[in-house]
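One structure is given below, encoded as structure tokens.
Values in this text are rule-based calculations from the coordinates and carry no lab data. Since the model is a prediction, treat every value here as computed from it, not as a measurement. Cβ placement follows ideal geometry from the backbone for every residue including glycine, while neighbour counts extend to all protein chains displayed.
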Amino acid sequence: MRITGLGWTSVAIGVFAGIGLFTFRYAEGFSYFKTDSRACLNCHIMGPWFDAWQKASHHTSATCVDCHLPQTFPAKYIAKSDNGYRHSKGFTFQDFPEPIVISKSGSKILQDNCVRCHRDMVHDMRPTDKDPRFQCVHCHATAGHGSRAGMGRYEHPSTQEESAP
């Protein structure tokens, strides 16, 4: 029996879909649609960050999603898609920086969420939410993850690269 062009296309689609579904299940893909911070532990490199968050000042009031993702529906899932692509690529090909650092887009999201939660306290302190000279984590680097011991040095947002996961 001879396989035609349509047959090879069907086989290729089936193989691609099978590998994709296997990878999605193996990577616990559905856990990323939730807000449980334990989903971050799917990547072993996130263990120290998760452990540090549990000991930090914000662990009782903010999850990973509260700080690291936008709060509006479309923006949240766009950021999740972008992060998912960059993280899976980085961990698959082992081309992420160590220690890991937040991307410029992630830094902006983090800053927006700091200001959103603490707006009543900081509205008179900052001339504008868009001013890059006033990043909350510049002074409050340990608020979300506690001590930086063993997790690399603090990097000012202006020194971070966009390609960092």
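Evaluating 6.51 cos²θ - 1.76 cosθ + 1.60 at θ = phi - 60° for every residue in region 43-55, the Karplus couplings come out as 9, 4, 5, 7, x, x, 5, 5, 4, 5, 4, 5, 9 Hz, glycine and proline recorded as x. Extension gain, F33 to A17, is 3.8 nm, computed as 0.36 nm per intervening residue step minus the present C-alpha separation. Once you have a ≥ b ≥ c as the square roots of the Cα gyration tensor eigenvalues for region 1-113, tell me rounded if a/c is under 1.5, and otherwise prolate or oblate according to whether a/b is larger than b/c. Prolate shape, in that a/c is at least 1.5 and a/b is the bigger ratio. With a simple spin-label model that places each label point 7 Å from the Cα along the Cα-to-Cβ direction, the separation between R25 and A143 comes to 4.3 nm. Along region 18-24 the Karplus relation, 6.51 cos²θ - 1.76 cosθ + 1.60 evaluated at θ = phi - 60°, assigns HN-Hα couplings of x, 5, x, 5, 4, 5, 4 Hz to successive residues, with x for each Gly and Pro. Each of the peptides 73-83, 104-114, 38-48 was scored by the mean count of other Cβ atoms within 10 Å over its residues; in descending order, highest first, they stand as 104-114, 38-48, 73-83.
Other residues whose C-beta falls under 10 angstrom from the C-beta of P70 contribute a net charge of +3, scoring Lys and Arg +1 and Asp and Glu -1.
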